[in-house]
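A short worksheet on the structure shown next.
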């Protein structure tokens, strides 16, 4: 079963249209990559039922999110870019509030995550740094035995050491084959370490959604003179960047002529050059 199935999703705003089909298999982590305004947060809010879709269907953990969605909500851990935690509460008080909301709330697990992430229990939320606020949201999302994590920029504001620890926590979560994670982030290096699948959103459209390892096998980076680049089959190239020294291009390995040196491509370079290809 898929943890998330999105079919024909449409959401329209003045000057912006989101149109999307997307699947997240159970036991996997899907990274949602896109520039500001690409539609990442809109997609996440539509999945959670925070925004009504203008068209299409969204199924989460086997349930249509327009019908009897309350049981599924109890099985979803959520971290949003703006958490919305009452500023007067301490981490300990916030845990007691959530214990009254989630039927599967586990105080012992919450306490363990507070300690692991070095979150003070007696300090009020209004006095937390941005990074500390994000860590508290992560601890809360993991403490009611969710089957699905939906995370919007969860590593934003965290230092590299804590980011690495949080990435490890999310990776551990999906060792259970009934668990899944949808995560959006501007920090593509985190997604590259963490994700099984990556999805590229650009101006409300899905450029691709594939297994991360398959992308590396399918695409490569070539550095060519402008003359050699012009001789390539245009169908082989999905994005390029010109410099005074030549052209850097992302291309399909199987469509390149023999003898061309091909380098491994990072997910970030692949996204940036795909977007440039779309815009050109």
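The values are calculated or read from the model by the stated rules, or taken from the named source; none is laboratory data. Keep in mind the model is a prediction, meaning the values are calculated, not measured. Cβ: placed from backbone, ideal geometry, glycine included. Neighbour counts: every protein chain shown.
List the strands (runs of 3 or more DSSP E) inside the stretch 21-80, counting only whole elements, that have at least 1 residues being under 23 Å from residue 270 (Cα atoms) and in the same structural domain as residue 148 (by TED's automatic domain parsing).
Values: elements: 29-34, 55-60, 76-79.
Filter on the stretch 21-80 gives 29-34.
When residue 226 is tested against the conditions (1) surrounded by 14 or more Cβ atoms within 10 Å (Cβ to Cβ); (2) modelled with pLDDT of 90 or more, the lone failure is (1). Across the stretch 83-125, the qualifying residues are those that are part of a loop (DSSP other than H, G, I, E, B) and touching a strand residue (DSSP E or B) at 6+ places or on another chain (Cβ under 9 Å), and the one among them that is farthest from residue 165 (Cα to Cα) is 88.
Could you say whether any residue in the stretch 173-184 is touching a helix residue (DSSP H, G or I) at 6+ places or on another chain (Cβ under 9 Å), buried (at least 21 other Cβ atoms within 10 Å of the Cβ), farther than 20 Å from residue 251 by Cβ and at pLDDT below 90? No, there is no match, as no residue in the stretch 173-184 is touching a helix residue (DSSP H, G or I) at 6+ places or on another chain (Cβ under 9 Å), buried (at least 21 other Cβ atoms within 10 Å of the Cβ), farther than 20 Å from residue 251 by Cβ and at pLDDT below 90. Among residues of the stretch 221-247 that are at positive phi, those with a beta-carbon under 8 Å from a residue that is in a loop (DSSP other than H, G, I, E, B) and at pLDDT 90 or above at least six positions away or on a different chain give the pairs 246/225. Annotation: residue 177 fulfils all but one of (1) under 15 Å from residue 30 (Cα atoms); (2) under 17 Å from the mean Cα position of the chain (by Cα); the unmet one is (2). Here the condition is being touching a strand residue (DSSP E or B) at 6+ places or on another chain (Cβ under 9 Å), at pLDDT 85 or above, loosely packed, with under 14 Cβ neighbours inside 10 Å and over 17 Å from residue 215 (Cα atoms); of 255, 261, it holds for 261 alone.
Among the residues making up the stretch 101-157, those that are surrounded by 15 or more Cβ atoms within 10 Å (Cβ to Cβ), at pLDDT below 95 and at positive phi are 153, 157.
Applying the set (1) over 30 Å from residue 5 (Cα atoms); (2) touching a strand residue (DSSP E or B) at 6+ places or on another chain (Cβ under 8 Å); (3) at pLDDT 90 or above to residue 240 leaves exactly one unmet item: (3). Among residues of the stretch 114-131 that are in the same structural domain as residue 158 (by TED's automatic domain parsing) and under 17 Å from residue 143 (Cα atoms), those with a beta-carbon under 8 Å from a residue that is at pLDDT below 95 and part of a loop (DSSP other than H, G, I, E, B) at least six positions away or on a different chain give the pairs 114/121. A single entry from 54, 106, 64 fulfils the requirement of being more than 23 Å from residue 208 (Cβ to Cβ) and in contact (Cβ under 8 Å) with a residue 40 or more places away in the chain: 54.
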